[in-house]
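Just so it is clear, none of the values below were taken in a lab; they were calculated from the coordinates. Owing to the predicted nature of the structure, the values given are computational and were not obtained by experimental measurement. Note: ideal-geometry Cβ built from the backbone for every residue, glycine included; neighbour counts use all protein chains shown.
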């Protein structure tokens, strides 16, 4: 009996950006491992984590990309009030979270996933657009699983 290769209906891709040292990697670790990393090293390049959550009865795999605090991703400093107002004016999620205590970390990722799922349901998100960051049910590998007869033998190879 072969198990299903995927146990989720969608993949939602997230990217965490921000200045160096603000806790992007700690946030990723808190969400994926449910632990706080007090001595988190600086990210070089990009880190990656995944977690499967249930959103409106559907299993969704969240792929989270954690960027280094590079100049090209640099955000300008804004006050809490400015950020909240900007989010409200642009229909964005605004939620404070703490990687240290875990407060609102789960809620932030789940609420974002709910909004993405709703955008899929109401047709405002095009799943065929590569830049959407969403994939629907990944294709299963052809043939399910590999066996000894699935690939031609290589000359001189006993593998």
### Task
Work out how much length residue 107 to residue 121 would gain on full extension: take 0.36 nm times their residue separation and subtract the Cα-Cα distance, in nm to one decimal.
3.0 nm
### Task
Give me the distance in nm between label points sitting 7 Å out from Cα along the Cα-to-Cβ direction at residue 81 and residue 38, one decimal.
3.6 nm
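Take the Cβ-Cβ distance between residue 6 and residue 95 as r, set R0 to 25 Å, and report the resulting FRET efficiency rounded to the nearest 0.05. Please report the intermediate quantities before stating the final value.
Values: r = 29 Å, r/R0 = 1.17.
E between residue 6 and residue 95, to the nearest 0.05, is 0.30.
Arrange the peptides 14-22, 82-90, 26-34 so that the one whose residues have, on average, the most other Cβ atoms within 10 Å appears first.
Working: 14-22: 14.9, 82-90: 11.6, 26-34: 18.9.
Highest mean packing first, the order is 26-34, 14-22, 82-90.
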### Query
Antiparallel as a % of all DSSP beta bridges within the stretch 10-136, to the nearest 5?
65 percent
### Task
With an 8 Å cut-off on Cα pairs and a minimum separation of 6 or more residues, tell me the relative contact order of the stretch 40-123 in percent.
22 percent
